[in-house]
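What follows is a short report on a single structure.
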Ligand code: ACO
């Protein structure tokens, strides 16, 4: 196993609350075969990604020490049923402070409503806190606002976008 980040950063207090038989751990490069890309398809277009592209991206993330924290939730059959990322950005402002960006949260359609999304966000926010972030931010659609409010987030500034 080659975890993307230190598994100890995932708090016990969160993993203890997963449904029986489920577990949470950092992404590993062999998760290509466990369905992580299928899970991400509930979020947006994923496209065709080969195993070697997946592994290259994993290795790139891993080379950026303490930046990419992508975790997965696996069910009793050892299939990925949920995933999410907190990206830790190091800044100059706030005395060289750090901001956590929560990205690409997805729970497989037939697994939604079991509090897996909540557990993923709880784990990612605690990882961000442990990595020294002074705040955690994310962008989401209006229809997910209530979910993030249940995870303890409040509305911040407006989101702006320029698409290519
Ligand atoms: N609107 C209102 N309430 C919601 C919603 C919603 N869209 N989604 C979940 N909730 C509520 C649940 O009812 C539950 O409430 P309760 O505590 O009162 O029972 C609470 O939020 C926790 O819900 P979970 O069971 O943890 O949610 P789930 O595991 O289904 O995950 C998620 C939620 C991640 C939004 C999932 O539905 C999903 O994968 N959706 C498709 C992809 C997506 O939109 N991802 C988020 C993109 S934004 C980003 O990535 C930063």
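The values are calculated or read from the model by the stated rules, or taken from the named source; none is laboratory data. Just so it is clear, the model here is predicted, and its values are computed rather than measured. Counting neighbours? That spans all protein chains shown, and the Cβs are built from the backbone with ideal geometry, glycine included.
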Taking first residues from the range 52-72 that are in a loop (DSSP other than H, G, I, E, B) and second residues anywhere that are modelled with pLDDT under 95 and surrounded by fewer than 20 Cβ atoms within 10 Å (Cβ to Cβ), the pairs with Cβ under 9 Å that are 6 or more apart or on different chains are none
Of the residues in the range 124-137, those that are within 12 Å of the ligand (Cβ to nearest atom) and either under 17 Å from residue 27 (Cβ atoms) or touching a helix residue (DSSP H, G or I) at 6+ places or on another chain (Cβ under 6 Å) (or both) number 2
Going through the range 65-111 in order, the residues found to be farther than 14 Å from residue 22 by Cα and within 9 Å of the ligand (Cβ to nearest atom) are 84, 85, 101, 102, 103, 104, 105, 106, 109
Filtering the range 135-161 for residues that are surrounded by 13 or more Cβ atoms within 10 Å (Cβ to Cβ) and at pLDDT below 95 leaves a count of 0
Contact list, first residue from the range 109-128 and touching a residue at least 60 places away in the same chain (Cβ under 8 Å), second anywhere and in a helix (DSSP H, G or I) and more than 7 Å from the ligand (Cβ to nearest atom), beta-carbon distance below 7 Å, six or more apart or interchain, is 119/14; 122/14; 123/14; 126/14; 127/9
Scanning the range 32-51 for residues that are outside any loop (DSSP other than H, G, I, E, B), within 16 Å of the ligand (Cβ to nearest atom) and in contact with a strand residue (DSSP E or B) (Cβ under 7 Å, 6 or more places away or on another chain), the one nearest to residue 103 (Cα to Cα) turns out to be 40
Counted residues in the range 138-150 being near the ligand (Cβ under 7 Å from one of its atoms) and touching a residue at least 12 places away in the same chain (Cβ under 8 Å) come to 4
